[in-house]
Amino acid sequence: MLTPASRALIGRRLLQVVPVVVLATFVVFGLIKLLPGDVAVTLAGENATEQRIAEIRHLYGLDRSFLVQYAGWVWNALHGDLSRSLLSGEPVADAIIRCFPTTLLIVALALLLSLAAGIPLGMAAATKPGTWLDSLIMGFASLGVAVPNFWLAMILVATFALAYTIFPATGSVPFSVNPVDAIRHATLPAAALAAGGVAEVARQLRSSLVEVLSSQHVRTLHAKGLAPGSILWKHGLRNVSVNLLTVAGLLANRLLAATVVVEAVFAIPGMGNLIVRAAIHRDFPVVQGVVFAMVVVVIATNLLVDLLASLLDPRIGHR
Amino acid sequence: MSVVAPISSRRRAVLPLLRRLGRDRRAAVSIAVLLIIIGASLLAPWIAPYSPTAQDINNMLSAPSEAHWLGTDDLGRDTLTRLIYGASASLYAAFLAVAVAGALGVPVGMFAGYAGGWIDDVISRVIDTMLSFPAIVLAIGVTGALGIGLTNAMIAVGIVFAPQLARLVRARTLVVRQELYVDAARCFGAPTAHILRRHVLPNAIQPVIVQVALLLAVSLLAEASLSFLGLGIQPPSPSWGAMLARAYLNMELAPEQVYPPGLAILITALAFNTLGESMRTMLDPTIKRP
């Protein structure tokens, strides 16, 4: 299935990812340098004894040079050790593994909703540009981009959890325990997130589809008498599929970040909960760990999108 | 990307844009809405009916009434008053974040684009890496490091958004660098700093102005998010995000209190976005108006 050219492309892309990951670890580790004053004193928290401060200094290798500290952190991270939480003592990697599936389910559901609603809306607007339908859809899209998604989440809770108890207002259930209940808990957060996603997909799809549909080769298709429906499905969508894939990838990354805030509305114990609590209490190993984990997911998503794009459009690898 | 005619002063790049915006109905409405909100926030002490911290203990979580047009919060504070005062905190936050992003991103992007070669390669790689960080998550991390508070939170947001502006300015600078008037200035022996300031910046700045409008909307939403999470503004100062956090705690008792701050954020963000889109359409003749 893979041609030598696309195999070479995959190899090239994997190699390009390496410096990005290295730089990302540098940024994540460098976060600790933003802490004002003596890092060990800050990390030890208020009323810490001298002994505790010395312990922390040694534990995090703060008595060594920055590069040595950095190398140590990367070495441990490569072995799956992201240090321990200062608050609970739990290994950071364990906390991330515990919280990530909850967040992932919400992101996946939100992405699905965004595409399921955004694609038809974008197509409808693009096939009738300049009409009232187009204006209506694009008007709603503008609202969707500007609405604070956690506010929308509150309104959804007020409506669907408090006024009509259709969905639960708070918490989450692991997908592995009870898939149906897990999805029920994830539906409202995902719907709140999807508002922006639907708007984004509809806007982007409309603009690229309008461009394709007004191009010379589509005019030729009309001239030779092809039905508008099959022009749209066979030629229009195929030409914008790579665009759509890119939009979906960017959207997945943005949803991942946005979940952090929406989770707080529903008191969902996901990645957002983890990093917000850690940031408030200056539990720095956890902050670094979560930021790092999210960057890795984003970089992996981008890589996946690039590879899928080269499969969809064989020209990409040869440019 | 449109080709912009050579312009030698910054003012001449901005003024015609503003004049053309005045003729665009959507842009004009957005500007009017923003001016009203900015005006209200500046005149808050004179136009707000109460003090933002005055408590009316007999009227807690009250519904809209003649005394309190938008009702009161859980401490009996007037919602309309806090909405007006909150505007200044939220707008200050948005402008601060974008100023930080501009101060960091524009010089770095211009330097990378003008220097070219390995310097450009290194800076571009760093920019690309920064762009793969989920913005709000990194902002939360940076805020955690700098310390909780509105100013720190928005500096964090600014740092996180800087790469977006840097990338944009770099791309424009690459184009402008090739222009004849830059060559001419170089031939006349103009110092690089002068060329960057007088020739490159004015011609690379237009897409930045568009992006600034869009970033203001995103920063406003970021302020609301961070303050809602408790990382931004601290009580008793009002901001729209902090008001939402309080209203949410009491949503079962007074659900209508959730609407004023949320709508304020929505309308302001919508105005910034519409303004940005209008400017983009104006600057780029290839975009077709929806």
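The values are calculated or read from the model by the stated rules, or taken from the named source; none is laboratory data. Fair warning: this is a prediction, and the values are worked out from it, not measured in the lab. Reconstructed Cβ throughout: ideal geometry from the backbone, glycine too, with neighbour counts over all protein chains shown.
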- Quick one: which residue in B:G22, B:G39, B:G113 is modelled with pLDDT of 85 or more and more than 27 Å from B:S237 (Cα to Cα)? B:G113
- Query: B:I119 fails exactly one of the following numbered conditions: (1) of a type in the set (A, V, I, L, M, F, W, C); (2) within 14 Å of another protein chain (Cβ to nearest Cβ); (3) more than 22 Å from the chain's Cα centre (by Cα). What is the number of that condition?
  - Reply: (2)
- Message: On the basis of being crowded, with 21+ Cβ neighbours inside 10 Å, out of contact with any Pro (no Cβ under 6 Å at 6 or more places or on another chain) and within 30 Å of B:L70 (Cα to Cα), does B:P260 make the cut?
- Response: yes
- Query: Does B:L266 satisfy being aliphatic (A, V, I, L, M), at the interface with chain A (Cβ under 8 Å from one of its Cβ atoms) and surrounded by 22 or more Cβ atoms within 10 Å (Cβ to Cβ)?
  - Reply: no
- Please work out which one of (1) touching a residue at least 60 places away in the same chain (Cβ under 8 Å); (2) more than 18 Å from A:L250 (Cβ to Cβ) is the condition A:P168 fails and give its number. (1)
- Message: Of the residues A:A117, A:A202, A:A190, A:A182, only one is more than 14 Å from every other protein chain (Cβ to nearest Cβ), crowded, with 24+ Cβ neighbours inside 10 Å, more than 21 Å from B:A247 (Cβ to Cβ) and not polar (S, T, N, Q); which?
- Response: A:A190
- Identify the residue in the range A:270-310 that is part of a loop (DSSP other than H, G, I, E, B) and under 19 Å from B:A245 (Cβ atoms) and, among all such residues, is modelled with the highest pLDDT. A:G270
- Note: among A:G229, A:G225, just one is more than 12 Å from chain B (Cβ to nearest Cβ) and not in a helix (DSSP H, G or I), namely A:G225
- Item | Residue that is farthest from the other protein chains (Cβ to nearest Cβ) [pool: residues in the range A:136-157 that are without any contact (Cβ under 8 Å) to a residue 12 or more places away in the chain and surrounded by fewer than 18 Cβ atoms within 10 Å (Cβ to Cβ)] | A:L136
- Task: Inspect all residues belonging to the range B:55-72 and state whether any of them is surrounded by 17 or more Cβ atoms within 10 Å (Cβ to Cβ) and closer than 20 Å to B:G232 by Cβ.
- Result: no
- Message: Suppose we keep only residues that are hydroxyl-bearing (S, T, Y) and in a helix (DSSP H, G or I) within the range A:120-135. Which one would you say is nearest to the other protein chains (Cβ to nearest Cβ)?
- Response: A:S135
- Quick check, is B:A242 of a type in the set (G, A, S) and either in contact with a Pro (Cβ under 8 Å, 6 or more places away or on another chain) or at the interface with chain A (Cβ under 8 Å from one of its Cβ atoms) (or both)? yes
- Query: Of the conditions (1) of a type in the set (D, E, K, R); (2) closer than 23 Å to B:P255 by Cα; (3) at pLDDT 80 or above, B:E66 fails just one. Which one is it?
  - Reply: (3)
- Does the range B:201-238 hold any residues that are closer than 28 Å to A:A163 by Cβ and either more than 9 Å from every other protein chain (Cβ to nearest Cβ) or not aromatic (F, W, Y) (or both), and which are they? B:L221, B:A224, B:S225, B:S227, B:L229, B:G230, B:P238
- Looking at the range B:183-207, which of its residues are more than 16 Å from B:A115 (Cβ to Cβ), in contact (Cβ under 8 Å) with a residue 12 or more places away in the chain and surrounded by fewer than 19 Cβ atoms within 10 Å (Cβ to Cβ)? B:R198
- Odd one out for B:N250 among (1) touching a residue at least 40 places away in the same chain (Cβ under 8 Å); (2) facing another protein chain (nearest Cβ under 9 Å): (2)
- Message: I'm told A:V262 meets every condition in (1) buried (at least 24 other Cβ atoms within 10 Å of the Cβ); (2) more than 9 Å from chain B (Cβ to nearest Cβ); (3) over 17 Å from the mean Cα position of the chain (by Cα) except one. Can you identify the failing condition by its number?
- Response: (3)
- Hits in the range A:216-273 (condition: under 30 Å from A:D306 (Cβ atoms) and of a type in the set (F, W, Y)): A:W233
- Only one residue in A:V296, A:V240 is buried (at least 19 other Cβ atoms within 10 Å of the Cβ) and touching a residue at least 12 places away in the same chain (Cβ under 8 Å). Which one? A:V240
